[in-house]
1. Report, ordered by the first and then the second residue, all pairs with beta carbons closer than 9 Å, sequence separation of six or more or different chains, a first member in segment 95-114 that is at positive phi and surrounded by 13 or more Cβ atoms within 10 Å (Cβ to Cβ), and a second member that is assigned to a strand (DSSP E or B) and not hydroxyl-bearing (Ser, Thr, Tyr).
2. Can you go through Tyr31, Tyr87 and tell me which one is part of a helix (DSSP H, G or I) and either of a type in the set (Phe, Trp, Tyr) or modelled with pLDDT of 95 or more (or both)?
3. Taking segment 14-56 on its own, how many of its residues are of a type in the set (Gly, Ala, Ser), under 28 Å from the mean Cα position of the chain (by Cα) and exposed (fewer than 11 other Cβ atoms within 10 Å of the Cβ)?
4. Among the numbered criteria (1) touching a helix residue (DSSP H, G or I) at 6+ places or on another chain (Cβ under 6 Å); (2) outside any helix (DSSP H, G or I); (3) farther than 30 Å from Ala111 by Cα, which one does His22 miss?
5. Could you please let me know if Ser103 is in the same structural domain as Thr131 (by TED's automatic domain parsing), at pLDDT 95 or above and among the small types (Gly, Ala, Ser)?
6. When you check Val90 against the structure, is it among the β-branched types (Val, Ile, Thr), out of contact with any Pro (no Cβ under 6 Å at 6 or more places or on another chain) and in the same structural domain as Arg9 (by TED's automatic domain parsing), yes or no?
7. Between Lys75, Lys69, which is out of contact with any Gly (no Cβ under 8 Å at 6 or more places or on another chain) and not assigned by TED's automatic domain parsing to the domain that holds Ala17?
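The values are calculated or read from the model by the stated rules, or taken from the named source; none is laboratory data. Fair warning: this is a prediction, and the values are worked out from it, not measured in the lab. Neighbour counts run over all protein chains shown; Cβ positions are idealised from the backbone, glycine included.
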Amino acid sequence: MRHLKSVERPSIIRAIAEARSHGDLSENAEYHAARERQSFIEGRVIELEEIVSAAEVIDPSSLSGDHVKFGAHVKLVDEETDKEATYQIVGVHEADIKHARLSISSPLAKALIGKKIGDTISVPAPGGDRTYEILAVKFI
């Protein structure tokens with residue numbers, strides 16, 4: 001949002017001003033492209049402002065318990081392959097599977113919520129249902 005406001009907005013304003021200086025606006029492709037880009041930027045700024053205003057900061061280290069809930073780090077084992085993985089359950093906008101941050105709205109996270117260590121869950125996957133056992137739940 002900061003980048004859009006401090007870099008993109010001023011840049012697009014300059015682009016529109018330059019395109020206007022070229023004359024007739026009705027057939028000026030540069031002008032129309034710049035206005036379209038401006039519309040996109042303003043829409044994205046509004047969208048990001050709504051997300052930020054609705055955000056609620058939750059400190060996972062202040063949470064505790066043995067049941068999986070938002071913010072938990074959950075260690076799982078795939079019962080078919082015996083492969084272990086640890087994920088943190090985060091908000092939709094924070095999700096990043098490369099960094100093991102699992103969206104609360106994902107099928108795996110939905111299946112995990114409310115479960116505890118030792119529970120087994122089944123998650124639908126394209127190649128068939130996957131079954132996992134919960135090995136650990138931590139709030140770091």
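1. Ala100/His73; Ala100/Ala85; Ala100/Gln88
2. The conditions single out Tyr31.
3. 3
4. With respect to (1) touching a helix residue (DSSP H, G or I) at 6+ places or on another chain (Cβ under 6 Å); (2) outside any helix (DSSP H, G or I); (3) farther than 30 Å from Ala111 by Cα, His22 is out only on (1).
5. yes
6. Here the answer is no, as Val90 does not meet what is asked.
7. That would be Lys75, the only listed residue that is out of contact with any Gly (no Cβ under 8 Å at 6 or more places or on another chain) and not assigned by TED's automatic domain parsing to the domain that holds Ala17.
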